[in-house]
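Q: Pasting a structure below so you can have a look.
The values are calculated or read from the model by the stated rules, or taken from the named source; none is laboratory data. Just so it is clear, the model here is predicted, and its values are computed rather than measured. Quick reminder, even Gly has a Cβ in these numbers, built from the backbone with ideal geometry, and neighbours come from all protein chains shown.
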Amino acid sequence: MTISTVTFQNDALDQFDTLDAQLLQTQNELSSGSMLPNAAANPVAMTQVNELNQEIAASQQYSTNGSAANANLELEENALTSATNVLQSANSLAVQANNSSLNATQLQDIATQLQQLLGQLISTANTTDTNGNYLFAGTASGTQPFAQSGSSVTYSGSDEVNQVEIGPNQFISQSDSGAAVFMNVPAGNGTFTTAAAAGNTGSASIDTGTVTDPSAWVPDTYTITFTSPTQYQVTDSQGNPVPAGSGTYTSGDAIAFDGIQVTISGTPATGDAFTVAPAGNASVFSTLSGLITALSSGSANSGQLTTQIGGALQQIGNAVNNLDNVQASVGARINAITAAQSSEQSSQTTMQSSVSQLSSTDYAAATTQLSTEEIALQAAEESYASLSRLSLFNYIQ
């Protein structure tokens, strides 16, 4: 087979180009530290690297979401602790006020202290994060959730809360609504509430009562009316007498009907009445406001005041329990975030290692390869130079 000079030169140039390209690629890998300067270098590997980088970015966003939610929840945890401390102080003042020897001035002094605590509680409920967003406003985080007008405190936030994704299909609430924390506190003993009628003239008071047989309880508003200081009659909301709901009154003895019992103590007057009604929800603000009004008004007799203070103590206890439950939920969410971030960090490390294996230069191997390619190129150049000088005259003797 005859090879022309032109063909020989073209083949040699093609070989030089190939060797130069290989040498340049290896040099680039060594200088850049990457085996994938572009998609053409290794399309399959580049596709895998792109997919892994997308997964790493998503994982990092989950971690960022978790950090933001964690910061909010820690602020909420502090706010809940502050609110609990306020209510415990209010509880101590209510116990102090539950003393028949205190005069109107002393009761007013306690009411003033409770008013200050109410202001602190409202301020705590309006706590903001570092961006000025209200912690307890739900999804309406730009709206101040609580406002006081006279003795009334209203909630203007949302009942819904923001959810953040801290892992693949793992969402968590980064706050709690003010309605759930401060407004919707179970009232009374959880089944019913008790109260003394405003027109009572005797000194008798009623406790918060207990449930003795839940299956026998029929939710309704019942009235215990004293037909004389020693006789009582229980009627339902329609005025119908309740079976076994009448009898002789003895101070401190339980009055039982429809699976519940209440205890009235003191001396009632003829016509005095007490109500037993199904429990709903009450705000912690209305509890404190009601107690403040009762202590400062001077219009309640000893029996009514004792009843109101007893009900307030029960309600403050309910509010503290509610705060404890919310705080436990916050703690569980913080733990969940910590676990999720640990998992995401582990995943990121694994994926980054895979990216490195696919794209990072193996310097030892690349250095050896560079040396081999330089030798190959040098040999090719020398071979070409030698062969290009040959002609027929080299073989003529």
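Q: How about the stretch 89-123: which of its residues are of a type outside the set (A, V, I, L, M) and either over 21 Å from T306 (Cα atoms) or touching a helix residue (DSSP H, G or I) at 6+ places or on another chain (Cβ under 7 Å) (or both)?
A: Kept after step one, since they are of a type outside the set (A, V, I, L, M), are these residues of the stretch 89-123: 89, 91-92, 96, 98-101, 103, 105-106, 108-109, 112-113, 115-116, 119-120, 123.
S89, N91, Q96, N98, S100, Q108, Q113, Q115, Q116, G119, Q120, S123, listed by residue number.
Q: Determine which member of the set I206, I166 is buried (at least 21 other Cβ atoms within 10 Å of the Cβ) and modelled with pLDDT of 95 or more.
A: So the residue among I206, I166 that is buried (at least 21 other Cβ atoms within 10 Å of the Cβ) and modelled with pLDDT of 95 or more is I206.
Q: Which numbered condition trips up S175, out of (1) closer than 30 Å to T270 by Cβ; (2) of a type in the set (G, A, S); (3) in contact with an Asp or Glu (Cβ under 8 Å, 6 or more places away or on another chain)?
A: Evaluating S175 over (1) closer than 30 Å to T270 by Cβ; (2) of a type in the set (G, A, S); (3) in contact with an Asp or Glu (Cβ under 8 Å, 6 or more places away or on another chain) leaves (1) as the failure.
Q: Considering only the stretch 278-304, state which residues are over 25 Å from Y249 (Cβ atoms), of a type in the set (S, T, N, Q), touching a strand residue (DSSP E or B) at 6+ places or on another chain (Cβ under 8 Å) and assigned to a helix (DSSP H, G or I).
A: S286, T287, S289
Q: Output the residues belonging to the stretch 100-111 that are free of Cβ contacts under 8 Å to residues at least 60 places away in the same chain and surrounded by 13 or more Cβ atoms within 10 Å (Cβ to Cβ).
A: As a first pass, look at the stretch 100-111 and keep what is free of Cβ contacts under 8 Å to residues at least 60 places away in the same chain: 101-103, 105-106, 109.
The answer is L102, Q106, D109.
Q: In addition: Which residues, counting only those in the stretch 254-277, are within 18 Å of D236 (Cα to Cα), among the aliphatic types (A, V, I, L, M) and assigned to a loop (DSSP other than H, G, I, E, B)?
A: Passing the criteria: none in range.
Q: Still on this model: What number of residues in the stretch 225-280 are among the β-branched types (V, I, T), farther than 23 Å from A187 by Cα and in contact with a helix residue (DSSP H, G or I) (Cβ under 9 Å, 6 or more places away or on another chain)?
A: Going through the stretch 225-280 one residue at a time, the tally reaches 1.
Q: Further question on the same structure: Where the second residue is among the aromatic types (F, W, Y) and the first is more than 11 Å from N91 (Cβ to Cβ) and lies in the stretch 308-331, which pairs have Cβ atoms under 9 Å and are six or more apart or on separate chains?
A: N322/F182; L323/F182
Q: Could you look through the stretch 271-297, keep only residues that are among the small types (G, A, S) and in contact with a Leu (Cβ under 8 Å, 6 or more places away or on another chain), and pick out the one that is surrounded by the most Cβ atoms within 10 Å (Cβ to Cβ)?
A: A294
Q: Shifting gears a bit: Starting from the stretch 131-158, take each residue that is on the phi < 0 side of the Ramachandran plot and list its partners that are part of a loop (DSSP other than H, G, I, E, B) and loosely packed, with under 13 Cβ neighbours inside 10 Å, counting only C-beta distances under 7 angstrom and pairs at least six apart or across chains.
A: N133/G142; T139/E160
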